[in-house]
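Input: a single structure, listed below in C-alpha cells.
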Amino acid sequence: MVKFRIAPHIESLVPYPPGKPLEELEREYGITGSIKLASNENAWGPSPKAVAAIREALVNLHRYPDGSCHYLGAKLAERLGVQSSQIIFGNGSNEIIGLLITALVAPGEEVITCQPTFLMYQKLVQVQGACNRIVPLKDMHHDLPAILAAITGKTRLIFLDIPNNPCGTIITKAEFENFLRQVPEQVVVVLDEAYVDFVDPKVRLDALAYLPDRENEPALRKTVVTLRTFSKAYGLAGLRIGYGVMAAKLAGYLHRVRQPFNVNNLAQIGALAALDDEEHYRRTLDGTAAGMAWLAKEVAELGCRPLPSHTNFFLIDVLGNGKKLYEQMLSKGVIVRPMQAYGFPNHIRITVGQEAENHRFVAALAASMQELGYV
Ligand SMILES: *Cc1c(COP(=O)(O)O)cnc(C)c1O
C-alpha cells in the first residue's frame, strides 16, 4: 500500500456541513414535494434574463472563458462607481476569501474572525496554515472593541460579515468608523456583504467609501475590502460567481494568485444579464421583506422567538433542542438549518421562501413543536 502523510494543519480540518439536498431527503424518507429553507438561497429562482442569456451561450462552451471578465467588470464598475481594476471576480465570493488569505497571510500569521460567522473564513485560514483568532459575538453583534483588543503584530486580516451569518445583525457607520480609526495600517479589513441587497439603505454601510481614491480623514485611510456575490439576491448560487472590490494594487496581487480561468463562461454571461434584471431583483427583495414579516409574526404566535434580521434568513429560538426539531421537520419534508454547530443549541435558521413554502414551513413547525412537547 502507498503511504502518504497529510499535512498536520489539513489532518484536523472538518468538512463543510452543506444543507441537506432535497433529492437526498426525498430518497431517505420516501417523500416528494419537500422544501429547503436551509441555505439562504433565492426562493424566487434565478433571474430569467440570466437563464435566457446562458441558453444562448451554450454553443460556445468549447471556448475558454475571458479570464479578465472584461464585460462584466466594466458594467459592474460603472454600476458601483469604481474602477474595473478595483474589482476581481471569483468562483463564488468564497474564492476571493481564499485568494485574500493566500496573498496576505503567511503560515503562522493571524486572521481575526467572529464566532459564530460564515464557516468558510476559519476553514480557509486553516487550509493556509495560518492561525485563527476567534472573537465571540456579543449579544449577537460583532464585538468591535474585543476585535481591536485581539489584534497583534501578526494580524494580517479581519473578516466581518455585515450582515452577520447566522445572526442577521449589522453595524452602523459610526461604529465601523470608530473601529477603523483604531485598526493598525497593515491590517486589512474585509467586509463580506453577501446580503447587502437585503439591508435597508437607511442603515446600510457604504463599504466602497473607504477605497483609497475616496476622500477620507487620514485615520480612515486603511485597506478595506468589500466582498459581494451573485448567489443570494441575484439567485445564481449554482453558477458560482462573486467578487471583491479593493485597492487596485491589492486586486493585482490576487490576480497573480488566481487560476487563469477561475470564472466560467456561463457565470460571466449570467451575472451580466442578471445585473439588468431589475424586475427579478425587485421581486426578490419585496417578496423577502413580505415573507420575513409574515413568518416572524406566525412564528411568534407559536410561542417561538424570531430574531430580527437584515437578510433573507433569520434565527428562531424554538424553546427546545433545535437539532431534534430539525429532524422532526425533515420527516415532514421541510429542511431548515440546525444551529448547534454555531453555538445555538435551541435555535434553527430559516431562509425566507415563497408564500406557499412559508405556509408549509409554519405548518410543519407547529406540528413538530407539538409532537416534541415544546409547546
Ligand atoms: C452565502 C454567503 C456567501 C456567498 O458565497 P458564494 O461563494 O459567493 O456563493 C459569502 N459570505 C456569506 C457570509 C454568505 O452567507
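Just one residue in the set A52, A103, A77, A57 is more than 14 Å from the ligand (Cβ to nearest atom), among the hydrophobic types (A, V, I, L, M, F, W, C) and under 18 Å from C131 (Cα atoms); that residue is A103.
If you go through region 144-161 and keep only what is of a type outside the set (A, V, I, L, M, F, W, C) and either surrounded by fewer than 16 Cβ atoms within 10 Å (Cβ to Cβ) or not assigned by TED's automatic domain parsing to the domain that holds A103 (or both), you end up with P145, T152, G153, K154.
Considering region 208-230, the residues that are surrounded by 23 or more Cβ atoms within 10 Å (Cβ to Cβ) and either closer than 30 Å to V51 by Cβ or not assigned by TED's automatic domain parsing to the domain that holds L99 (or both) include one that is farthest from the ligand (Cβ to nearest atom), namely T226. Remark: pairs (first residue in region 221-241, modelled with pLDDT of 95 or more; second residue more than 9 Å from the ligand (Cβ to nearest atom) and of a type in the set (D, E); Cβ separation under 6 Å; 6+ apart in sequence or on different chains) = A233/D197.
With respect to the conditions (1) out of contact with any Gly (no Cβ under 9 Å at 6 or more places or on another chain); (2) surrounded by 10 or more Cβ atoms within 10 Å (Cβ to Cβ); (3) part of a loop (DSSP other than H, G, I, E, B); (4) not hydroxyl-bearing (S, T, Y), I6 falls short on a single one, namely (2). Restricting attention to region 12-41, the residues that are hydroxyl-bearing (S, T, Y) and within 16 Å of the ligand (Cβ to nearest atom) total 2. Might you check whether a residue that is over 28 Å from G92 (Cβ atoms), free of Cβ contacts under 8 Å to residues at least 24 places away in the same chain and over 24 Å from the mean Cα position of the chain (by Cα) occurs anywhere in region 290-298? Within region 290-298 (the criterion being over 28 Å from G92 (Cβ atoms), free of Cβ contacts under 8 Å to residues at least 24 places away in the same chain and over 24 Å from the mean Cα position of the chain (by Cα)), the answer is yes, since at least one residue qualifies. Within region 58-79, the set of residues being surrounded by fewer than 16 Cβ atoms within 10 Å (Cβ to Cβ), assigned to a helix (DSSP H, G or I) and hydrophobic (A, V, I, L, M, F, W, C) comprises L58, V59, A74.
So, G108, is that one free of Cβ contacts under 8 Å to residues at least 24 places away in the same chain, more than 16 Å from F179 (Cβ to Cβ), in the same structural domain as M246 (by TED's automatic domain parsing) and not in a helix (DSSP H, G or I) or not? Taking the combined requirement at face value, the residue does not satisfy it. Look through region 17-44, keep the residues that are part of a loop (DSSP other than H, G, I, E, B) and among the hydroxyl-bearing types (S, T, Y), and return whichever of them is modelled with the lowest pLDDT. The extreme case among them is T32.
Taken as a whole, region 263-271 holds at least one residue that is more than 16 Å from the ligand (Cβ to nearest atom), hydrophobic (A, V, I, L, M, F, W, C) and farther than 24 Å from V199 by Cβ.
Considering only residues in region 351-366 that are surrounded by 18 or more Cβ atoms within 10 Å (Cβ to Cβ) and in a loop (DSSP other than H, G, I, E, B), the one that is nearest to the chain's Cα centre (by Cα) turns out to be V352. I need the full set of residues from region 80-100 which are more than 15 Å from the ligand (Cβ to nearest atom) and part of a loop (DSSP other than H, G, I, E, B), in order please. Scanning region 80-100 gives G81, V82, Q83. For region 307-337, residues that are closer than 22 Å to I170 by Cα and either aromatic (F, W, Y) or not in a loop (DSSP other than H, G, I, E, B) (or both) total 6.
The single condition from (1) surrounded by 22 or more Cβ atoms within 10 Å (Cβ to Cβ); (2) not in a loop (DSSP other than H, G, I, E, B) that V51 fails is (1).
Scanning region 21-48 for residues that are loosely packed, with under 11 Cβ neighbours inside 10 Å and touching a helix residue (DSSP H, G or I) at 6+ places or on another chain (Cβ under 9 Å), we see that the one that is farthest from I269 (Cα to Cα) is T32. Considering H280, H255, the condition of being under 14 Å from V51 (Cβ atoms) and more than 11 Å from the ligand (Cβ to nearest atom) is satisfied by H280 alone. Among the residues of region 306-329, write down those that are closer than 14 Å to P345 by Cβ and surrounded by fewer than 19 Cβ atoms within 10 Å (Cβ to Cβ). If the condition is that a residue be closer than 14 Å to P345 by Cβ and surrounded by fewer than 19 Cβ atoms within 10 Å (Cβ to Cβ), then D317, L319, G320, N321, K323, K324, E327 are the ones that fit.
The values are calculated or read from the model by the stated rules, or taken from the named source; none is laboratory data. Computed from a predicted structure; not experimentally measured. All Cβ positions, glycine included, derive from the backbone under ideal geometry; neighbour counts span all protein chains shown.
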